[in-house]
Amino acid sequence: MKKPIAAVLTAAALSGATLLTTAPAMAHHSAAQFDFQNTVLVEGEVVRARFANPHMRLILEVTDEERGTREIEFEGHSRNNMFRQGFRPDMFEAGDTITIRIAPMKSGADGGYVTAVMTPDGTQIGNVTGAD
């Protein structure tokens, strides 16, 4: 009689441990830090573009009057989702000037979530020139 109870308690303990170890991974994929209601355009020079999972990363050198010139890292969806939208790793390269539409950080910090891109030749993926 004691063995079935021990088995149930062990299974419950293992289930709890699994939940504790997966919760941080699920929280990582939240987009709650981005303001999708107030997207903005950002123009900058490509420093690096990384089309890989778990998220596309795009680092631009951006200049504005308020804070000068600095490198800002933006993120996008997974490589697979970006590819389905039309993004290709060879669309632009380091040194190209591009325009992106982003959902900015709610905190006001540099960075944001890329929702659209206009390449140097004017190709648009998503809606860069109009409102989202």
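The values are calculated or read from the model by the stated rules, or taken from the named source; none is laboratory data. This one's a predicted model, so the numbers in the text were calculated from it and none came from an experiment. Heads up, the Cβs are rebuilt from the backbone with ideal geometry, glycines too, and the neighbour counts pull from every protein chain shown.
Couple of notes before you dig in:
- Residue, modelled with the lowest pLDDT, within the range 92-107, restricted to residues that are hydrophobic (A, V, I, L, M, F, W, C), under 15 Å from ARG48 (Cα atoms) and surrounded by 15 or more Cβ atoms within 10 Å (Cβ to Cβ): PHE92
- Among the candidates VAL128, VAL117, the residue that is under 18 Å from ARG48 (Cβ atoms) and touching a Ser or Thr at 6+ places or on another chain (Cβ under 8 Å) is uniquely VAL117.
- Verdict on PRO120 being touching a Phe, Trp or Tyr at 6+ places or on another chain (Cβ under 9 Å), of a type outside the set (Lys, Arg) and surrounded by fewer than 18 Cβ atoms within 10 Å (Cβ to Cβ): yes
- Whenever a residue of the range 39-68 is more than 19 Å from THR115 (Cβ to Cβ), its partners that are among the aliphatic types (A, V, I, L, M) and surrounded by fewer than 12 Cβ atoms within 10 Å (Cβ to Cβ), lying with C-beta atoms within less than 8 angstrom and at least six residues away or across chains, give the pairs VAL47/ALA94; ARG48/ALA94.
Okay, residues lined up against (1) under 22 Å from ALA32 (Cα atoms); (2) surrounded by 13 or more Cβ atoms within 10 Å (Cβ to Cβ):
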position: GLY68; (1), (2): no, no
position: GLU75; (1), (2): yes, yes
position: ARG84; (1), (2): no, no
position: ASP90; (1), (2): no, no
position: ALA109; (1), (2): yes, no
position: TYR113; (1), (2): yes, yes
